[in-house]
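The values are calculated or read from the model by the stated rules, or taken from the named source; none is laboratory data. The model shown is predicted, which means the values in this text are computed figures rather than measured ones. Cβ: placed from backbone, ideal geometry, glycine included. Neighbour counts: every protein chain shown. What goes into the accessible areas is simple: the full protein's heavy atoms, side chains included, and nothing from ligands, DNA or RNA. Shrake-Rupley method; radii C 1.70, N 1.55, O 1.52, S 1.80 Å.
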Amino acid sequence: MDGNRLSLTAGDPQVYAALAGEERRQSRGIELIPSENYTWPEVLAVLGSVLTNKYSEGYPGRRYYGGQEYTDVIEELARERARRLFRAEHANVQPLSGSPMNQAAYFACLKPGDTILAMELSHGGHLTHGAPVSHMGKVFNFTRYRTRTDLGGAIDFDEVRAIALKSRPKLVLCGHSSYPRELDYAAFKRIADEVGALTMADISHLGGLVAGGVSANPLDAGFDIVTTTTHKSLRGPRGGLILCRSGLARAIDSSVFPGLQGGPHMNAVAGAAITFGKALQPEFKDYARRVKDNAGLLASGLAARGAALVTGGTDNHLMVINTVASYGVDGDEAERALDRVGITTNKQVIPDDPRPPLRPSGIRLGTPACTTRGMGPAEMDLLAGAIVEAIVNRGNEASVRELGARIRELCARHPVPGLAAAA
Ligand code: DSN
């Protein structure tokens with residue numbers, strides 16, 4: 001790694017300067033975007049390895065290029081560890097990231113124009129779950145269920161069933177990017193069985209929590225397909241993973257390659273193998289539990305300081321604050337106020353948001369990254385106070401400077417794994 005760093009310093013000082021700046025930003029600031037994390041130093045090393053040089057179209061033992069004696073070992077390790085980690089019959093570790101992962105899963109079992117029942121986007125669904133601006137929203141016919149604000153954000157399964165009976169989907173999809181509550185997979189499965197649909201759960205946000213045993217595994221409820229990215233709560237390299245029952249294995253594999261992608265990124269596949277190996281260790285269960293505990297503490301600390309949380313709290317690693325209702329500030333302004341003191345979050349639409357996506361009503365926060373830095377209950381209390389202070393006092397320069405200094409001190413006490421030298 002040091003060798004790579006040295007050649008980059010000399011070979012491209014402009015890129016190196018930006019990289020050094022990003023390292024500084026990551027080590028001096030608090031990362032609260034719930035889909036981000038600090039990956040393992042071993043993963044950073046393998047991402048920058050010679051594996052990036054290799055083309056490996058096909059699957060282990062069935063490749064279209066020679067020289068695969070080591071890449072086959074790596075991909076087989078990744079597949080076997082993923083199956084063990086998630087109790088899956090089959091794993092495909094080649095999707096380049098979350099969007100191609102979901103596209104490949106849809107095309108494995110559907111034809112263009114088929115109906116998919118998915119969560120309403122402003123209620124927590126993802127772009128690839130049928131946003132009109134995404135290609136998937138144009139290729140498939142999405143019908144939608146919503147969460148019930150009057151029921152604390154719960155999903156009304158009578159309503160889901162009624163929509164399913166009316167729209168007769170071929171696929172019932174659940175999963176989310178900004179929904180802070182547990183999903184009842186068995187209830188989705190019952191409805192899908194009644195209308196003869198396949199079931200798919202996109203657990204991209206929850207991958208690490210499911211692997212660590214603190215969030216339910218949809219495969220245990222009999223789901224046909226489960227997708228997850230590897231870089232969020234799982235702490236791995238950027239990439240996607242598709243798990244399915246063995247009856248769908250061939251369709252999933254040929255949908256990923258050659259259906260959608262060419263050569264897999266073998267450096268990322270190796271990073272995924274390392275990540276799954278780490279997540280199989282007992283320590284990872286402890287990490288997953290702390291991510292969830294920290295989120296509960298951060299949410300209650302915020303609520304105690306006047307934050308109106310969507311659904312009233314969290315059961316997982318993330319929460320959404322309605323900043324307009326809490327502090328009269330839209331999500332974009334709140335995000336920028338927090339950025340100025342070194343706390344990174346993202347603006348977020350709330351259910352049926354009356355405001356536009358670039359100036360929405362809230363912000364989304366989560367605890368995977370700060371938990372990786374070893375932060376716990378005391379830091380969650382400090383952060384809850386700092387978040388509210390940064391938003392409320394955003395116009396006061398002295399307060400912004402003083403709070404920024406406190407955040408840098410907190411970060412110095414909790415170095416980013418693998419970045420300590422750059423702190
Ligand atoms: N960008 C991811 C997230 O932040 O949730 C989803 O693609």
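Just wondering, is there one or more residues in the range 12-30 that are part of a helix (DSSP H, G or I), away from the ligand (no atom under 16 Å from the Cβ) and more than 30 Å from Thr345 (Cβ to Cβ)?
yes
Quick one: Arg161 ticks every box in (1) open to solvent by 60 Å² or more (accessible area, probe 1.4 Å); (2) out of contact with any Ser or Thr (no Cβ under 9 Å at 6 or more places or on another chain); (3) modelled with pLDDT under 95 except a single one, so which number is it?
So Arg161 meets the others, but not (3).
Name the pairs: first residue in the range 53-73 and over 17 Å from Pro95 (Cβ atoms), second residue part of a strand (DSSP E or B), Cβ to Cβ under 7 Å, at least 6 apart or on different chains?
Final answer for the pair search is Tyr64/Gly58.
Scan the range 181-199 and give yes if some residue there is in contact (Cβ under 8 Å) with a residue 40 or more places away in the chain, buried (at least 22 other Cβ atoms within 10 Å of the Cβ) and either within 16 Å of the ligand (Cβ to nearest atom) or of a type in the set (Lys, Arg) (or both), otherwise no.
no
Considering only the range 225-251, state which residues are more than 16 Å from the ligand (Cβ to nearest atom) and surrounded by fewer than 24 Cβ atoms within 10 Å (Cβ to Cβ).
Arg245, Ser246, Gly247, Leu248, Ala249, Arg250, Ala251
Considering only residues of the range 310-358 that are in a helix (DSSP H, G or I) and either aromatic (Phe, Trp, Tyr) or open to solvent by less than 20 Å² (accessible area, probe 1.4 Å) (or both), which is nearest to the ligand (Cβ to nearest atom)?
Residue satisfying both the conditions and the ranking: Gly331.
Does the range 146-158 include one or more residues that are within 24 Å of the chain's Cα centre (by Cα), of a type in the set (D, E, K, R) and over 26 Å from Val214 (Cβ atoms)?
yes
May I ask you to list the residues in the range 103-120 that are open to solvent by 10 Å² or more (accessible area, probe 1.4 Å) and aliphatic (A, V, I, L, M)?
Matches in the range 103-120: Ala108, Leu110.
Looking at Pro41, Pro60, Pro100 in this structure, which one is more than 16 Å from the ligand (Cβ to nearest atom) and open to solvent by less than 40 Å² (accessible area, probe 1.4 Å)?
Going through Pro41, Pro60, Pro100 in turn, just one is more than 16 Å from the ligand (Cβ to nearest atom) and open to solvent by less than 40 Å² (accessible area, probe 1.4 Å): Pro60.
If you check Ala82, Ala91, which single one turns out to be outside any helix (DSSP H, G or I), away from the ligand (no atom under 16 Å from the Cβ) and either under 24 Å from Ile203 (Cα atoms) or in contact with a strand residue (DSSP E or B) (Cβ under 8 Å, 6 or more places away or on another chain) (or both)?
Just one listed residue meets the conditions, Ala91.
Just give me the residues in the range 121-138 being crowded, with 17+ Cβ neighbours inside 10 Å and either more than 16 Å from the ligand (Cβ to nearest atom) or among the hydroxyl-bearing types (Ser, Thr, Tyr) (or both), in sequence order.
Across the range 121-138, the qualifying residues are Ser122, Thr128, Ser134.
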